1. Please report, in whole Å, how far the alpha carbons of segment 15-73 spread along each principal axis, starting with the longest.
2. How many nm separate the modelled label positions at residue 138 and residue 62, each set 7 Å beyond the Cα in the direction of the Cβ?
3. Need one number: nm distance between label points at residue 82 and residue 167, each 7 Å from Cα along Cα→Cβ, rounded to one decimal.
4. Work out, step by step, the length gained on full extension between residue 99 and residue 152: first 0.36 nm times the residue separation, then minus their alpha carbon distance; give nm to one decimal.
5. Among 154, 20, what is the fewest-to-most ranking by other Cβ atoms within 10 Å?
6. Any idea what Rg and Dmax come out to for segment 40-132 if you just take the C-alpha atoms, in Å?
7. Where does segment 98-151 land on the Kirkwood hydrodynamic radius, alpha-carbon pairs, in angstrom?
8. Just for the Cα atoms in segment 67-118, what are the lengths along the principal axes, largest first, rounded to whole Å?
Amino acid sequence: MENDQQSRSLFRFARVISESTSANLVLFVLGTVEGFIFPMPIDESLIALSVINPKRSFRYMTMAVFGSVLGGFIAFGIGHSAWPFVLEKVIEPIGWAGLTVETIEKYQTKGFSILLFSGFMPVPFCLFNYLAGASLNSLNWLDIESYAVALWFSRVIKFLPISLLVYFFGERISPALEKYFSKFLIGFGVLLFVMFVITNWIIF
């Protein structure tokens with residue numbers, strides 16, 4: 001019941017935003033924050049706004065991608081210039097130290113693939129970006145160009161299927177999605193988990 005209420009609240013908020021000129025800015029800001037601070041409901045917001053305005057789904061996706069890429073580069077720069085501070089003041093206090101050690105170990109050999117499919121892993125997206133910056137001078141595969149390519153495609157890979165689905169089928173399924181939005185989000189979460197399992201099987 002609580003999830004249904006939260007989903008309806010998100011949908012009502014998305015409808016209000018969609019009727020203003022702020023929808024693009026909201027997705028851009030959410031994407032930026034997700035890229036360098038902490039996880040944000042960017043997927044849910046993108047889905048809700050796209051369902052309300054299916055013809056704008058690619059525009060919304062573009063803003064989410066650009067915001068997320070900008071946030072990623074901000075985290076990359078912070079990780080490169082101030083990693084000890086980030087580790088002590090941010091990573092350790094919120095309990096991400098274990099994830100950090102594990103991710104660093106995997107970065108050594110398969111970092112590009114891990115970053116490329118970071119949207120389907122249960123590790124906060126911003127952590128990948130901090131670690132990429134911190135590892136800039138210590139990993140053979142990593143340079144600014146490789147990071148930019150992997151970062152860009154990781155966001156497109158995650159957001160494009162949402163926009164494609166909603167653009168072509170949104171008007172038909174919009175009433176059902178609005179009514180059963182919480183169940184749709186659960187299904188979307190299950191799909192992300194399946195993608196995580198497949199990704200880990202391919203990479204590892």
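Read the figures in this text as sums done on the coordinates, not as results from a lab. Just so it is clear, the model here is predicted, and its values are computed rather than measured. Glycine gets a Cβ as well: all are built from the backbone with ideal geometry, and neighbour counts include every protein chain shown.
1. Taking the Cα atoms of segment 15-73, the three principal extents are 29, 17, 16 Å.
2. Distance between the two pseudo-spin positions: 4.0 nm.
3. Spacing of the two 7 Å Cα→Cβ label points: 3.8 nm.
4. Gain on stretching residue 99 to residue 152: 16.8 nm.
5. 20, 154
6. Over segment 40-132's Cα set, Rg and Dmax evaluate to 15.2, 45 Å.
7. For segment 98-151, inverting the mean 1/r across all distinct Cα pairs yields 10.9 Å.
8. Largest to smallest, the principal-axis extents are 28, 26, 17 Å.
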